[in-house]
Structures are given as C-alpha cells and as structure tokens.
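Peer 1: Supplied in structure tokens, the structure appears directly below.
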Ligand SMILES: Cc1cc2nc3c(=O)[nH]c(=O)nc-3n(C[C@H](O)[C@H](O)[C@H](O)COP(=O)(O)OP(=O)(O)OC[C@H]3O[C@@H](n4cnc5c(N)ncnc54)[C@H](O)[C@@H]3O)c2cc1C
C-alpha cells in the first residue's frame, strides 16, 4: 500500500535542505535575480555539502540520478528511497530559490543522466564533473525525436555537428550531455547521448539567454562544428535498437519529471506561506471548518489554492514513490508534472494578486516567484506534452496514434 506520510528517516534531510534554503538561497535570491549571468559564489560551499549527501545516498537535488537498485522490489516490500528523498529536498531548496537550485555545481540534469545510464568506468571517469544537458534545437523542442544534430563514428571518435539551444548551466558546467543522432534516417532509435567536455575544439558557446525568470541560472546556446568526442563518451548502448531504444532514453523523464514538479511545489509553497502571513496581518485567515463561499473572498481563494497545492504535492510524492519501488510511473510522473507546473504558475500569480501592490513590487519576492514558476511548466516537457502523455497512457495509444 502507498503510504504518503513523509518517512521519519528523511526528517533530517528535509530540515537540512530547509536550513540551506534559509541561509544560502533566500538572502541571495534578489541579488542574483538582478545580477543575471553572474555565478553565485555563495553556492560553492553548499554544493560540497550536497556532493557529500549524494555520495551517502541522501541526495537533495537530483544529481544522483535514477539508477534503480537491483533489490528495489526483491522482497516485495515497499521502500521510500532516493527519488522520494530528492523530491522532498528539492521542495525545500526551491522554497528558498529555484534559480539558485538550478545553478548548483555538479547537480545538473546532465549529472542525473550520467548517474542514471553511465557504465562503471564512465561513472568513475566523470565523477566530480558538472554536466549540463543539451536536447533542444531550433527545430526540435517538444518532439525530441526530431533531433538534427548528428554523430558520425570516425575511428575512435564520434564527430558531432549541429546546434543546441536553451542549455541550462551550459556556460558554467564542465561538460554537456549532448543528444545526437547516429543516423537521422533511422528515426528516434538512433538518438544517443554523448558527454562532451566544454573545452573540446569546435564546441562553441554562441550566447546566453536573457530570461523572464530563474535569472540566477545561465542558459546557453551552442554550435557543434566537427566536435570529436571519444567513443567511450557515448552513454548507454551504441547499437541502434529499433525495438525500443528511444523508449529507454525517454524513461529517464519518468524520474526527472517528479523533480521538476517538486521545484514547482517548492516555489508555490513559498508564495502561499508569504501570502498567508500578509493576509493574516490584514485580519484575513481561512477557516477550514466553514464552506469557502461563506468566507472572505481572499480566504476562499486561499482554500482553493491550498487544495491545488496539496493535490500536486501528493501526486508528486506518489510518482517518486513508484520510481523508488520499480513500478512503471510514466503516467503518474506526467500527471505530477502537469498538475504541479500548472498550479505552480497559477498559485504564484494569484498570490501576487492577493497581496496587491506588495505582491507586484520588489519589496517582496512574490513577483519573482511568479516569474520563476513559469519555466517549471515548460522544460522537461510542457503542460501540453504532459497531458498528451497522460492521454496516451489512459487510452492505451502509442505516440504515433496520438500526437
Ligand atoms: C529557461 C529554459 C531552460 C531550458 N533548459 C534546457 C536544458 O537544459 N536542456 C534542454 O535540452 N532544453 C532546455 N530547455 C528547452 C525546453 O525543454 C523546451 O523549451 C521545451 O521542451 C519546449 O520546446 P520548444 O520551446 O521548442 O517548444 P515547442 O515544442 O515548439 O512547443 C511550442 C508550444 O506548442 C505546444 N506543443 C508542441 N507539441 C504539441 C502537441 N503535440 N500537442 C499540443 N501542443 C503541443 C507546446 O506545449 C508549446 O506550448 C530550456 C528552456 C528554457 C526556456
């Protein structure tokens, strides 16, 4: 049976994440919102602490990846493991600042990919590497099977050519996990990921994006011009397996989508807390024992927002719990991401509205949270794409049948 109480063994982790968010993230939140593209040096110490937690199997940020332990279901007992702890830690850190979380050294999506699919030799070789992830291209976003970047085997190297845009941490990371096709004629099965060191000749950072939110996080565009990558840097199998090779790559999302949902929940939690305090000061407090329609309009709105928050939170915990217990969770991961992404944006904007001029001014972080939350409904699969995945799963349709 699924037990969605926060396990006692994670209390220390949650407290530690909350403390880090309070001491490192909140005080620097506005500073790096203004100083876009400036590396937050305050994070160096915190990332060393997180490295230790990840090594000890108590990750709070997701870099530990999605490697499932062989005995995850061996004894028939359910476990609250790495995915759940990471989700809980992420919520607290993003209560502090999601842009700063995304800027943490060695905690990138590329790190999650390496930790999830690298072989033992690669794990050792890339230990300590900060890795970003590059899937998106000018002509390929939601439909990641449309990747045009190519990888051609030439002796002991793959030669990569193409263009990648919107690479989170692209400027600061030591390496980028680049998705490229071994043979564009063979479709999605030929798409593989390669660890490309940042200083590889031909791997050129073209520019950084100026953004609506998460400004502490750098977002880079790259050109790949005959980039030679040792063939040992290909993650996973080099074979083109038309019987589901791409499905394997996509399954990584089943574990990372709950993490992005957790980010949205963390930001929404911050906004709700702040708004609750502002309303209380104005004498408005929701009464949980009375119908919403007999209360102050602001209190009734809070009840609705809190219900949305709770449902997103529970869906996210469920998706992470299923991953920890080797249960197929593609449906739940997308439901969690869709719900949390949507209500995260809704809650933070409604909080701006409820707090009036304070909500809109830079005297509080509410306006920043409303900007930061939008991306969480876009990357790792947009709202519409999550709904498409949910529909396919519920109706039993393939990606060819329902697109
Ligand atoms: C700040 C930021 C950071 C990012 N970081 C990374 C990163 O680190 N690595 C990386 O690879 N990418 C990253 N991305 C890219 C992100 O993942 C893509 O923006 C996202 O996947 C959407 O792709 P797109 O922008 O090309 O939109 P499109 O795919 O062109 O979609 C445009 C709109 O059409 C909708 N749509 C598309 N297809 C369908 C459909 N079949 N049915 C219904 N609606 C549909 C979408 O939901 C969206 O609303 C980042 C983006 C941003 C803004």
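Peer 1: Looking at 358, 365, can you tell me which residue is touching a residue at least 60 places away in the same chain (Cβ under 8 Å) and farther than 19 Å from residue 27 by Cβ?
Peer 2: Among 358, 365, only 358 is touching a residue at least 60 places away in the same chain (Cβ under 8 Å) and farther than 19 Å from residue 27 by Cβ.
Peer 1: Now, a different point. Report whether or not residue 175 is closer than 25 Å to residue 330 by Cβ, crowded, with 18+ Cβ neighbours inside 10 Å and more than 12 Å from the ligand (Cβ to nearest atom).
Peer 2: Considered against the rule, which asks whether it is closer than 25 Å to residue 330 by Cβ, crowded, with 18+ Cβ neighbours inside 10 Å and more than 12 Å from the ligand (Cβ to nearest atom), residue 175 comes out as no.
Peer 1: Any idea which of (1) modelled with pLDDT of 95 or more; (2) within 16 Å of the ligand (Cβ to nearest atom); (3) crowded, with 24+ Cβ neighbours inside 10 Å; (4) under 17 Å from residue 101 (Cα atoms) is the one residue 215 doesn't satisfy?
Peer 2: Failing condition for residue 215: (3).
Peer 1: On to the next question. Could you list all residues from the range 213-241 that are more than 23 Å from the chain's Cα centre (by Cα), in a loop (DSSP other than H, G, I, E, B) and over 18 Å from residue 125 (Cα atoms)?
Peer 2: 238, 239, 240, 241
Peer 1: Now for a different question. Go through the range 151-169 and count every residue that is within 16 Å of the ligand (Cβ to nearest atom), farther than 14 Å from residue 193 by Cα and part of a strand (DSSP E or B).
Peer 2: 5
Peer 1: Return yes or no: is residue 185 more than 15 Å from the ligand (Cβ to nearest atom), buried (at least 19 other Cβ atoms within 10 Å of the Cβ) and more than 22 Å from residue 380 (Cβ to Cβ)?
Peer 2: no
Peer 1: Would you be able to say whether some residue in the range 281-289 is outside any loop (DSSP other than H, G, I, E, B), more than 27 Å from the chain's Cα centre (by Cα) and more than 24 Å from residue 107 (Cα to Cα)?
Peer 2: Yes, that holds for at least one residue.
Peer 1: Considering only the range 126-147, how many residues are away from the ligand (no atom under 12 Å from the Cβ) and either under 24 Å from residue 211 (Cβ atoms) or assigned to a strand (DSSP E or B) (or both)?
Peer 2: The qualifying residues number 1.
Peer 1: Within 27 Å of residue 232 (Cβ to Cβ) and at pLDDT below 70: which single residue out of 127, 113, 63, 56 fits that description?
Peer 2: Result of the check over 127, 113, 63, 56: 63.
The values are calculated or read from the model by the stated rules, or taken from the named source; none is laboratory data. Predicted, not measured: the structure shown is a model, and the values here were computed from it. Because the Cβ atoms are built from the backbone with ideal geometry, glycine has one as well, and the counts that use them run over all protein chains shown.
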